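Student: Below: one structure in structure tokens.
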Amino acid sequence: MFLFREKSKMIAPERALPGRSHPLVVPDRHEVLGTSIKPPFPEGYESAVFGLGCFWGAERIFWQAPGVYTTAVGYAGGYTPNPTYEEVCSASTGHTEAVLVVWDPKVTSFDEMLRLFWEGHNPTQGMRQGNDVGTQYRSAILYENDAQKDAADSSARMFQERLNENGYGDVTTEIAPLGEFYYAEGYHQQYLAKNPNGYCGLGGTGVSCPIGVAKAS
């Protein structure tokens, strides 16, 4: 229990691991979509970063969505530059496991990405997601501009109302500007496409979010 308490407590910036100056090696192409997982991306495409528990299952939610150009898993929201998976799991980096999503705004929207995010996990669990415990499993929306911030805040309020109606507690999702997204090791990228029977600890609430496709007229 002591270990769980320590892993569920955010580390102070001055105590975070130093990391490294060089990024981790990742493949050039998406295992499923065949697109580049690193910039530059096509002109006019939009992106954001989401944390919703173990990034293996979280990434699959987004790469299966129409209009998504590419996805990648990594670490964000913390302090350590270019961390390793083991470092992030030690709760000594401040990062959450995260998914970078890039989409074509002529086909889909940020609202639809938010709907997938809210419905894809339980955002009321604080520093855990299901049986996965630790700061690296916290729920997060890391936005790239003010319009995304406003949309994220609005969606959180709407989803909170739906959660309340269904007996859930307060949303604990961190909504913050994206600092740096650090790509995770190559073997984590599109993990469930390479390992179809691999672990996926995600479980939503069963509550629908009234935005995105659900709101389209």
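The values are calculated or read from the model by the stated rules, or taken from the named source; none is laboratory data. Predicted model, so just to flag it, every value in this text is computed and none were measured. Here the Cβ positions follow ideal geometry from the backbone for every residue, glycine too, while neighbour counts run over all protein chains shown. Keep in mind that these areas ignore ligands, DNA and RNA; they rest on the heavy atoms of the full protein, side chains included. Shrake-Rupley method; radii C 1.70, N 1.55, O 1.52, S 1.80 Å.
Student: Counting only residues that are touching a His at 6+ places or on another chain (Cβ under 8 Å) and open to solvent by 10 Å² or more (accessible area, probe 1.4 Å), which one in the range 80-103 is nearest to Tyr182 (Cα to Cα)?
Tutor: Step by step, filter the range 80-103, then rank; the result is Asn82.
Student: Of everything in the range 33-79 that's outside any loop (DSSP other than H, G, I, E, B) and open to solvent by 30 Å² or more (accessible area, probe 1.4 Å), which residue is nearest to Glu180 (Cα to Cα)?
Tutor: Glu46
Student: Taking the condition small (Gly, Ala, Ser), touching a helix residue (DSSP H, G or I) at 6+ places or on another chain (Cβ under 9 Å) and surrounded by 17 or more Cβ atoms within 10 Å (Cβ to Cβ), does Ala16 pass?
Tutor: No.
Student: Within the range 181-207, take every residue that is hydrophobic (A, V, I, L, M, F, W, C) and either touching a Pro at 6+ places or on another chain (Cβ under 6 Å) or open to solvent by less than 20 Å² (accessible area, probe 1.4 Å) (or both) and give me the one that is nearest to Leu116 (Cα to Cα). Lay out the reasoning, then the answer.
Tutor: Narrowing the range 181-207 to residues hydrophobic (A, V, I, L, M, F, W, C): 181, 184, 192-193, 200, 202, 207.
Among the residues that remain, those that are also either touching a Pro at 6+ places or on another chain (Cβ under 6 Å) or open to solvent by less than 20 Å² (accessible area, probe 1.4 Å) (or both) are: 184, 192, 207.
Numbers: Ala184: 22, Leu192: 18, Val207: 12 Å.
The extreme case among them is Val207.
Student: I'm trying to understand the selection: among the residues of the range 112-132, which are open to solvent by 30 Å² or more (accessible area, probe 1.4 Å) and over 17 Å from Gly206 (Cβ atoms)?
Tutor: Correct list: Met127, Arg128, Asn131.
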